[in-house]
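Take a look at the structure below.
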Amino acid sequence: MTNNPPAPAWAPAPTAEEQRADPRAIGFAQRYPARPIPTEHEVDTGPICLTPASGLDELWRSIVPETRTRANDLHLPMVVAYAERLCAAYPQADRELVLVAVALHDTGWAHVDESRIISEGFSGDWRKANIRYEHEAEGVNVARRVLPGLGYDEEFVEKVCEIIDGHDTRPVAYSLEDALVRDCDRLWRFDRAGIAMSTSWFGMPASDYVDRLAREIIPELITDAAHRIAEADLERSRRLFRTEVIR
Ligand SMILES: [Fe+2]
Ligand SMILES: [Fe+2]
């Protein structure tokens, strides 16, 4: 008897080629041809703990159960704090859309089989693990459940869902708002709190992890503001954890 995992209950995700050919991806790439996307506005590269996020209190209260999984009570407010900085650097983006999408983006982790988060979500090719698609689909369900009661209209809710669906697994961004969500979701890893959580999740020494951030994550950042914040955070974290010596 084989032990195949149950088939996913949703349609298979489109391939990377199909996603790059999506009119939304093409439109975004045409609107913002320069990468990383430049900004003429000031970028705050100081420690994120100096500029915590504010507001969205009703939204936060409605997702408290979802913050109890996978350190979402640390991850989500930190990522929203980074999102506020990126929105200040790109004022042409829909700030409300970015902040709400970020607050909700990982709530789906609370509705997947927790034992598989570590076994699938942090090992092998973790970006392609089924559990990653499941946490996105479940996050969309959370958004559809909580947002209408907070006064958000259907069009806004669908925009939020489009960003949540694929935030980890879709290789390309479909809009500036989508890009900012992706960037701030990565930025938290450069702060000392993100490094502390991630090294324990991945079972990796801090020196290896900061090397990996520089090698693999910085090149994925889409906006110049995110690049500058990541470099500044990484430099501080390297010095704090003495990673040039302790390796
Ligand atoms: Fe995620
Ligand atoms: Fe996340």
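The values are calculated or read from the model by the stated rules, or taken from the named source; none is laboratory data. All values derive from a computational prediction rather than experimental measurement. When we count neighbours, we look across all protein chains shown, and the Cβ atoms used for this are built from the backbone with ideal geometry, even at glycine.
In table form, for the structure just shown:
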item: For GLY55: the one exception among (1) without any contact (Cβ under 8 Å) to a residue 60 or more places away in the chain; (2) over 22 Å from GLY149 (Cβ atoms); result: (2)
item: Condition check for TYR90: surrounded by 13 or more Cβ atoms within 10 Å (Cβ to Cβ) and more than 16 Å from ligand 2 (Cβ to nearest atom); result: yes
item: Selection status of VAL210, over 17 Å from the mean Cα position of the chain (by Cα), under 30 Å from LEU240 (Cβ atoms) and without any contact (Cβ under 8 Å) to a residue 40 or more places away in the chain; result: yes
item: Verdict on SER237 being crowded, with 17+ Cβ neighbours inside 10 Å and either without any contact (Cβ under 8 Å) to a residue 40 or more places away in the chain or in a loop (DSSP other than H, G, I, E, B) (or both); result: no
item: Those residues of the range 135-174 which are of a type in the set (Asp, Glu), touching a residue at least 12 places away in the same chain (Cβ under 8 Å) and closer than 22 Å to GLU58 by Cβ, in sequence order; result: GLU138
item: Hits in the range 14-40 - residues which are among the charged types (D, E, K, R), at pLDDT below 95 and part of a loop (DSSP other than H, G, I, E, B); result: ASP22
item: Any hit, the range 176-186, residues being farther than 29 Å from SER207 by Cα and surrounded by fewer than 23 Cβ atoms within 10 Å (Cβ to Cβ); result: yes
item: From VAL79, VAL102, VAL142, VAL112, residue being crowded, with 22+ Cβ neighbours inside 10 Å and modelled with pLDDT under 95; result: VAL112
